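The values are calculated or read from the model by the stated rules, or taken from the named source; none is laboratory data. All values reported here derive from a predicted model rather than from experimental measurement. Note: ideal-geometry Cβ built from the backbone for every residue, glycine included; neighbour counts use all protein chains shown. The area values use the complete protein model at the heavy-atom level, side chains included, leaving out ligands, DNA and RNA. Shrake-Rupley method; radii C 1.70, N 1.55, O 1.52, S 1.80 Å.
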Amino acid sequence: MSNARDSHSLCKQASNYLKRQSRLRPQFAMVLGSGFQAALSHMDVDVEIPYGKLPGFLSVGVSGHVGRLVIGTLGGLPVIVLKGRTHYYEGYDMDQITFPVRALSEYGIRNLLLTNAAGGINRKFRPGDLMVIEDHINLMGVNPLRGPGVFGVPRFVDLTDVYDESMRNLLIQAGKKTKLRTFKGIYLAVSGPSYETPAEIRAYGRLGADAVGMSTVPEAIVARQCGIKVAGLSCITNLGAGISKTPLSHQEVLAMAEQQKTKIAQFIKTFCELYAKG
Ligand code: HPA
């Protein structure tokens, strides 16, 4: 994607391609990260498209992430699901990893739920808990809006209310209904891919973070630039370095995500039902 015009034309191509694949026209989309993908088991699938077929989308490589876009209904709600995402730590630039959000905006998506796996910093958290993102701290060292500017959208985007209050409330309600321990908190994003040091985890806690992860913030910022309402949900797959008594591993993160997947799938379905009721 060499410039803004190429990117816009690719967004149009992706959006037109999607419109040809299904008659459904969801205005709600979700990005399912590690631990959340079982939500698809509750979905009435109309069409499933590998990212490789979609103009501008990158194929997704990290284990635990399989790159597919699915259009269908979930809990009665027409929805586009992005199953898996690319991460900044894989070496792509911000334009590339946030392209799907711009394509969804072009398509007509107005509300977006971003999910992820995260390490717990707040001492109340236990592995398997959920955290509804109230706000974020961007320590990725980059801003996804850096660059020549995108035609038709503001450059200096207000981030006072990144995470939409009414969707946050629906997530809390879904937690109560499905009896999953669900907290509210601040998500701090780092670039990764190494996990943090214990000193970093202590520092992030003092900065006000409740959980730490390596995704979501770039997509949330770009979505706000496009005028899309955003919600964010973390599965606390492990306790942060130094809080946890054992060394961290990607396997541990995936194992906890796997253990919680049935409950989380029910949570996401319940959220969609609540959302559909308005
Ligand atoms: N740190 C950063 N990212 C993560 C973690 C963590 O402990 N767990 C899952 N994603």
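Data table
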read-out	value
Residue count, region 239-255 (criterion: closer than 13 Å to Asp129 by Cα and either open to solvent by 30 Å² or more (accessible area, probe 1.4 Å) or at pLDDT 95 or above (or both))	1
Hits in region 239-253 (condition: more than 19 Å from Leu114 (Cβ to Cβ) and of a type outside the set (Ser, Thr, Tyr))	Leu239, Gly240, Ala241, Gly242, Ile243, Lys245, Pro247, Leu248, His250, Gln251, Glu252
Any chance Arg110 is within 16 Å of the ligand (Cβ to nearest atom) and surrounded by fewer than 23 Cβ atoms within 10 Å (Cβ to Cβ)	no
Residue list for region 136-161, filter: buried (at least 19 other Cβ atoms within 10 Å of the Cβ) and of a type outside the set (A, V, I, L, M)	His136, Pro144
Filtered residue count, region 220-245, keeping only those that are more than 30 Å from Thr160 (Cβ to Cβ) and away from the ligand (no atom under 12 Å from the Cβ)	1
Residue among Arg146, Arg168, Arg181, Arg202 that is among the basic types (Lys, Arg) and within 16 Å of the ligand (Cβ to nearest atom)	Arg202
Number of the condition not met by Val217 [criteria: (1) touching a Phe, Trp or Tyr at 6+ places or on another chain (Cβ under 9 Å); (2) more than 16 Å from the ligand (Cβ to nearest atom); (3) closer than 27 Å to Arg110 by Cβ; (4) not hydroxyl-bearing (Ser, Thr, Tyr)]	(2)
Extreme residue, farthest from the ligand (Cβ to nearest atom), among residues of region 184-199 that are in contact with a strand residue (DSSP E or B) (Cβ under 7 Å, 6 or more places away or on another chain) and open to solvent by 30 Å² or more (accessible area, probe 1.4 Å)	Lys184
Some residue of region 207-214 being open to solvent by less than 20 Å² (accessible area, probe 1.4 Å), modelled with pLDDT of 95 or more and more than 9 Å from the ligand (Cβ to nearest atom)	yes
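The rows are residues; the columns are (1) modelled with pLDDT of 95 or more; (2) within 16 Å of the ligand (Cβ to nearest atom); (3) closer than 30 Å to Gly208 by Cβ; (4) among the small types (Gly, Ala, Ser).
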{"position": "Gln27", "(1), (2), (3), (4)": "yes, no, no, no"}
{"position": "His42", "(1), (2), (3), (4)": "no, no, no, no"}
{"position": "Pro55", "(1), (2), (3), (4)": "no, no, no, no"}
{"position": "Arg68", "(1), (2), (3), (4)": "no, no, no, no"}
{"position": "Val79", "(1), (2), (3), (4)": "yes, no, no, no"}
{"position": "His87", "(1), (2), (3), (4)": "no, yes, yes, no"}
{"position": "Pro100", "(1), (2), (3), (4)": "yes, no, yes, no"}
{"position": "Ala117", "(1), (2), (3), (4)": "no, yes, yes, yes"}
{"position": "Asp129", "(1), (2), (3), (4)": "yes, yes, yes, no"}
